[in-house]
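So the structure is just underneath, and the comments pick up after that.
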Amino acid sequence: METILTRYRNLTVLLIVVVAQLVFLAYQVKANKDDRLIRVWAVSAVTPMAGGVDSVRHNTLGFLQDYFILLDVRDQNRRLKAENDKLRMENIYLRNEMANSADAHALMVFQEKTPSKTVAARVVGNSTVATAKAVFIDRGSTSGIEKGMAVVTPEGVVGKVIAVYPLVSQVLLITDPTFKIGVESQKHHVHGILNCGVGHCIVEQVQDEDKLDVGEWFFTSGEDRLFPRGFPVGTVISSQPGAPGQGMRDVKLALSGQPGGAEAVLVVLEGVHQEIPSGPVMADVHVAPLPLPPGQKDGNSSSVEQVQTEADKIVGKYEALGKEENHVYGEVGSSVPNFNPPKTTPAPAAAPVPQSSAPQAAAPVPVTPAAQAPPPAPLPLGSPRRKTTTTATTTEAPAPPGRQP
Amino acid sequence: MNESSDNLLRRRSRESWFSRFQILGLVVLTLLAIILKVYLPRIIPSTSWLELPLLLTVYFGLVYPNQIAALLFGAFVGLCEDSLAPANLHPIGMFGITKTLVGYFAASVSMRFNVENAFIRLVLCFFFYLFHALMYWLMRRALLDQMVPFDPQEILIYGALNSAVALPLFLLLDKMKVSGSRSAIL
């Protein structure tokens, strides 16, 4: 026996180590008990470093951004250097603070609005298991966090606390395959169970007879006894009847928040159920983009042709000729156009430019009284373009403010 | 005691310090790799495929052809990773067992083949990544009864990416080893 053990010493050690771990694993699974001490040690050792790295990253990025922004300011205000230095230092500090607390501010506003008692936390790390969607937050039992508490952001739900350590906690995200929450729709009050573990989010247990509109909001229903009722979850992106015989509807949902990408979150210490709002949800409010600068066209505008090359100019010229001579290119029986029409002298500046004889490659003329119209000039490449229609000699008016793209 | 025996003793003492220095450095690097695995996907979300702890386990096994040391190192790395995983989904020992086996087999391979060649290292890293992913998936299904999806295409791509990362990483570690040995001898 001893000879065998000596001969196969390496294999024996391997077996012992593997079997020991297997026994420990079996004990944890069977007893549903975790060795908390090992985890506490490991988490306590790693997360402070992760938090430190996160702080350094935030401050470094903020500082670099501020540096580039402030370079110009320093040049412009060289004479006021003393004052500027002071302002710059203040600015750097405040901007760093802003960069760090941009999310925190949103959370603060939300914290004031929501009746639930919450505590703000920052996400400091991920889990080591790629398939398990879990993150570490920088608040632990010392902040009053307990296992099973809900984690949210103003945009939507994030997950639940699954492990609490003195200074950090581990949060299971709602995108984890094992995590499901109860939800209720805003308009038709359809109840269901949200499951985001299948690559996308679906609402299960919705009967075929239930009515749901695309774009309808879902909120937490509070039935899971985890999330208080009334937190936004997401909107319906498709609602179709399920497989025949099952009687369940196939409802797909787009989450309103980004559980995996959240930098700052709120842990609900004491949840208070709220009514599901009947009006538009915060994320529904659409901010219209600014109008385009004068002289620029919307890319969707199909009536405007872009002259890019000399060939475009020639095409434009021939098209104008064709129109002038009532010739349709490619049409059978159409007369051959005269490509060498007699040259027309440029119209005097005071006279209105006849549209039919205006060269198509002329530069766009600002919308001015005809008496002030400048003479046509060659169009440089890449300059603002004109229409090939009869309005070719007028510049497009700027898009109306508040126009949707 | 003559001069040669004195030299021999002195050298042995230096070698001992050198090996301790290297092991300490490797342990620090391993902890760093585990921290990066936890933290790096927060900064760069597309790096979740990077398995630095696994690569270090493979490197240790390839460079130190001692099966017991390699398997213990693998167990240490795996148990550290297990400790940072969600408790309800991932009991301690899952990564421990897989990385124990990876360390053992890596050391076994290095005892029989010349693993200094870059191509062989590339292939071995790819193989061990596949082995690790498959073992882990099997264990989750068999031991924990968890229905975890297994995407062979994704595993192959990630394996290739990890192998690509392993080559420069191993070269860097080789250089550190050489410079470490020089500084220890000097």
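At least 1 residues being of a type in the set (A, V, I, L, M) and either farther than 30 Å from A:Gly140 by Cα or at pLDDT below 85 (or both) is the threshold, and among the strands (runs of 3 or more DSSP E) wholly inside the stretch A:183-273 those reaching it are A:201-204, A:232-241, A:249-255, A:264-270. For B:Arg121, the stated conditions do not hold, so it cannot be described as closer than 14 Å to A:Val129 by Cα and either in a helix (DSSP H, G or I) or modelled with pLDDT of 85 or more (or both). Just one residue in the set A:Val43, A:Val29, A:Val19, A:Val13 is over 33 Å from the mean Cα position of the chain (by Cα), crowded, with 16+ Cβ neighbours inside 10 Å and either outside any helix (DSSP H, G or I) or modelled with pLDDT of 75 or more (or both); that residue is A:Val13. None of B:Leu89, B:Leu52, B:Leu84 is open to solvent by 20 Å² or more (accessible area, probe 1.4 Å) and either modelled with pLDDT of 85 or more or under 30 Å from A:Lys30 (Cα atoms) (or both) except B:Leu52. Does B:Phe73 satisfy being within 12 Å of chain A (Cβ to nearest Cβ) and either open to solvent by 20 Å² or more (accessible area, probe 1.4 Å) or not charged (D, E, K, R) (or both)? Yes; evaluated as a whole, the condition is true for this residue. If you take the residues of the stretch A:252-275 that are under 16 Å from A:Thr220 (Cα atoms) and open to solvent by less than 20 Å² (accessible area, probe 1.4 Å), which of them is nearest to the other protein chains (Cβ to nearest Cβ)? Step by step, filter the stretch A:252-275, then rank; the result is A:Pro259.
Put simply, of A:Ala120, A:Ala134 the only residue that is more than 11 Å from every other protein chain (Cβ to nearest Cβ), within 23 Å of the chain's Cα centre (by Cα), open to solvent by less than 60 Å² (accessible area, probe 1.4 Å) and within 20 Å of A:Asp54 (Cβ to Cβ) is A:Ala120.
Between B:Ala166, B:Ala106, B:Ala133, B:Ala87, the distinction of being under 16 Å from the mean Cα position of the chain (by Cα) and either facing chain A (nearest Cβ under 10 Å) or assigned to a loop (DSSP other than H, G, I, E, B) (or both) belongs to B:Ala133 only.
Residue-wise test of (1) open to solvent by 10 Å² or more (accessible area, probe 1.4 Å); (2) within 21 Å of the chain's Cα centre (by Cα); (3) away from chain B (no Cβ under 11 Å); (4) within 26 Å of A:Met108 (Cβ to Cβ).
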residue	(1), (2), (3), (4)
A:Thr128	no, no, no, no
A:Lys147	yes, no, no, yes
A:Pro166	yes, no, yes, yes
A:Ile193	yes, no, yes, no
A:Asp213	yes, no, yes, no
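Checked against (1) open to solvent by 10 Å² or more (accessible area, probe 1.4 Å); (2) at the interface with another protein chain (Cβ under 10 Å from one of its Cβ atoms), B:Leu24 passes all but a single condition, namely (2).
The values are calculated or read from the model by the stated rules, or taken from the named source; none is laboratory data. Owing to the predicted nature of the structure, the values given are computational and were not obtained by experimental measurement. Counting neighbours? That spans all protein chains shown, and the Cβs are built from the backbone with ideal geometry, glycine included. With ligands, DNA and RNA removed, areas are computed over all heavy atoms of the protein, side chains included. Shrake-Rupley method; radii C 1.70, N 1.55, O 1.52, S 1.80 Å.
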